[in-house]
2 protein chains.
Amino acid sequence: MNVSALIAGVLAREPRAVARAISLVEDGDEGLAALSAGIYERTGGAATIGLTGAPGVGKSTLATALVRQARREGRRVAVLAVDPTSPYTGGALLGDRVRMQEHATDPDVFIRSMATRGHLGGMALATPEAVRILDAAGYDLVIVETVGVGQAEIEVAAATDTALVVLAPGLGDAVQMAKAGILEIADVFVVNKGDREGAAEVQRELRQMLHLGAALPWEPPVLETTATTDEGVDELWLAIARHRAHLDATGSLRVRRHARTLQEVEALAAERFRHATVRALAADGDLADRLRVRTIDPYAAADELLRRTANDR
Amino acid sequence: MNVSALIAGVLAREPRAVARAISLVEDGDEGLAALSAGIYERTGGAATIGLTGAPGVGKSTLATALVRQARREGRRVAVLAVDPTSPYTGGALLGDRVRMQEHATDPDVFIRSMATRGHLGGMALATPEAVRILDAAGYDLVIVETVGVGQAEIEVAAATDTALVVLAPGLGDAVQMAKAGILEIADVFVVNKGDREGAAEVQRELRQMLHLGAALPWEPPVLETTATTDEGVDELWLAIARHRAHLDATGSLRVRRHARTLQEVEALAAERFRHATVRALAADGDLADRLRVRTIDPYAAADELLRRTANDR
């Protein structure tokens, strides 16, 4: 399939074309620039929700519950499960996906795991383009779920309209989350597994921690759910809607999205530059040798590399 | 103090100059390039150990125990505690530092927390320069301790000669660590708090997980310690020495260090380029506007930005 056929397929809402387009993003395929150009003007319609938290807090079950809510309102939903590259996680994530089987035959639900191959910074750059593909394919709501709470995953979750941070008793407690820098990105906190011992304690700890922070125009609510029985999911759905209404009313939605786009452009340009420097450094044995014998230091070498890469273009 | 005086102070092993030089690194000060150039040829002598693991596993107590071992052999030691920027961690980290008081009056021990201000990628770039300052100041051993197991912290710990990954019963168990991608960087595994219930279970789980990986030229040993009572610390010290001997015997030390330097140079060049693009994008309202009205897509905008930044130099 060539890229123009792929673009047509995505815009015609064909699931196979959507899946293939996301694979292009995963691979960092050469056709990506053309794909991006072909769909961009048809994007911006989808609302996005981020779901992040430690492994085991029940993010996938929550995502399934949110899909159910969206379907009740007749909205088309996509779930993008973003997986950092690690040989160990593949199995676990596939296991999670199985729980989504309830929606497997619904043509208005699209579920997809996405891994990026090889590059550390890749996930943060790949996810926005994958979200745009789903957006262009007419999904009204895109739920971005991360596997854990690594730096890149936090960035990915933060780059949505409404970021949910999920905790559970005994897993990813508030102090650990604070240390990971994740509290700052939450628009809504969810304490899942509310039927387990310690749920009240997690909430209390979390509320204490939040009071240490500065007052904000939007005060992130702390909700309790038991996603396996749908307990509290209506209230969560309402909180998400309230956050969206707040974004619309204050004009923050447009501001935040535009800022995100500019950041993405900067990061994309930086990534391309980085590839150019890697090539330049590999081709220049002399600079590497001077570093080895310490006649040039890393800062001076970086400057020289910057000069050279710029002039090569 | 000007930069040449600072360089002279560092090379003369004055603790105040060393502390101030590290502050320059934290701040990303303009004098950094000159500092780097002034000390680089006097570096390369120090051995480096990384200490990483979830908060609460006892990394600081282990670091203290390792300092004690090094001092027994008459080696000068520095501990660099690397803290991701978060308003919440300051207190916890300072608390940890207090436990190091045993070495506070020893002139051959230097202990320092380092935070980087503002930039996400900053820690990974700042740490190698801080380590070189300590190296140039004649510390034979530099222990780099991270606060938690975020992506940047894993990168920082991996950029040492010998990376220790610390676990403890009930905290940062093997499955969580695997998901964080941390197992891959370990040269030595330490199960600390060996006197607690569940220590044997953590070891068992870890060994199972390791058997899933590919066979390696160096098989990372799994050791048990109780750092508070020095239990197992002699064996850990021996394992670190064995790993170093392996690096020396196979020539990996030089290869790994050189590869790290090249990576650092690439990252430094990329960071500088990124600053240039941020400035260029801020100055160019037109490109931002075209993104807003979707007449240019992020990939095309990145290309245009790359072209423009290169030509501006």
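The values are calculated or read from the model by the stated rules, or taken from the named source; none is laboratory data. Keep in mind the model is a prediction, meaning the values are calculated, not measured. Here the Cβ is made from the backbone with ideal geometry for all residues, glycine too, and neighbour counts use every protein chain on show.
The table below gives the values:
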item	result
Some residue of region A:9-21 being over 29 Å from A:LEU164 (Cβ atoms) and in a loop (DSSP other than H, G, I, E, B)	yes
Residue in region A:132-145 that is within 9 Å of another protein chain (Cβ to nearest Cβ) and within 30 Å of B:VAL82 (Cβ to Cβ) present	no
Per-region count, region A:183-194, residues at negative phi and either touching a Ser or Thr at 6+ places or on another chain (Cβ under 7 Å) or among the aromatic types (Phe, Trp, Tyr) (or both)	6
A:THR295 without any contact (Cβ under 8 Å) to a residue 60 or more places away in the chain, surrounded by fewer than 17 Cβ atoms within 10 Å (Cβ to Cβ) and more than 30 Å from A:VAL190 (Cβ to Cβ)	yes
Helices (runs of 4 or more DSSP H) lying entirely in region B:194-313 (those with 1 or more residues that are within 11 Å of chain A (Cβ to nearest Cβ) and under 30 Å from B:GLN176 (Cβ atoms))	B:199-211, B:252-283
Residues of region A:173-193 that turn out to be assigned to a loop (DSSP other than H, G, I, E, B), over 19 Å from the mean Cα position of the chain (by Cα) and under 24 Å from A:GLU155 (Cα atoms), as a count	2
Checking B:SER60 against (1) over 30 Å from B:GLU224 (Cα atoms); (2) of a type in the set (Gly, Ala, Ser); (3) touching a helix residue (DSSP H, G or I) at 6+ places or on another chain (Cβ under 6 Å), the condition it does not meet	(1)
Segments classed as strands (runs of 3 or more DSSP E), wholly inside region B:55-166, with at least 3 members that are modelled with pLDDT under 95	B:77-83, B:109-115
Set A:THR64, A:THR48, A:THR52: member being over 23 Å from A:ALA104 (Cβ atoms), surrounded by 20 or more Cβ atoms within 10 Å (Cβ to Cβ) and in contact with a strand residue (DSSP E or B) (Cβ under 9 Å, 6 or more places away or on another chain)	A:THR52
Qualifying positions in region B:136-165 - of a type outside the set (A, V, I, L, M, F, W, C) and over 16 Å from B:ALA239 (Cβ atoms)	B:GLY138, B:TYR139, B:ASP140, B:GLU145, B:THR146, B:GLY148, B:GLY150, B:GLN151, B:GLU153, B:GLU155
Residues being closer than 16 Å to A:ALA239 by Cα and at pLDDT below 90 - total across region A:188-218	1
Selection count, region B:199-225, where residues are farther than 27 Å from B:ALA46 by Cα and either buried (at least 19 other Cβ atoms within 10 Å of the Cβ) or not basic (Lys, Arg) (or both)	15
Region B:146-162: number of residues that are crowded, with 24+ Cβ neighbours inside 10 Å and away from chain A (no Cβ under 14 Å)	1
Answer from B:GLU26, B:GLU30 - the residue that is assigned to a loop (DSSP other than H, G, I, E, B), among the acidic types (Asp, Glu) and not assigned by TED's automatic domain parsing to the domain that holds B:PHE110	B:GLU30
Search result, residues across region A:18-40 that are free of Cβ contacts under 8 Å to residues at least 12 places away in the same chain and either touching a strand residue (DSSP E or B) at 6+ places or on another chain (Cβ under 7 Å) or surrounded by 17 or more Cβ atoms within 10 Å (Cβ to Cβ) (or both)	A:ALA33
Qualifying residues in region B:279-292 (those that are more than 20 Å from A:TYR40 (Cα to Cα) and either among the aromatic types (Phe, Trp, Tyr) or out of contact with any helix residue (DSSP H, G or I) (no Cβ under 6 Å at 6 or more places or on another chain) (or both)) - the one surrounded by the most Cβ atoms within 10 Å (Cβ to Cβ)	B:ASP284
Within region A:176-193, considering residues that are within 12 Å of A:VAL166 (Cβ to Cβ) and away from chain B (no Cβ under 13 Å), the one surrounded by the most Cβ atoms within 10 Å (Cβ to Cβ)	A:ASN192
Within region B:11-28, tally of residues that are within 14 Å of another protein chain (Cβ to nearest Cβ) and touching a Leu at 6+ places or on another chain (Cβ under 8 Å)	3
So B:HIS258, is it farther than 22 Å from A:ALA267 by Cβ and either touching a Phe, Trp or Tyr at 6+ places or on another chain (Cβ under 9 Å) or without any contact (Cβ under 8 Å) to a residue 60 or more places away in the chain (or both)	yes
Which listed residue, of A:ALA200, A:ALA163, A:ALA239, is closer than 27 Å to B:GLY56 by Cα and of a type outside the set (Lys, Arg)	A:ALA200
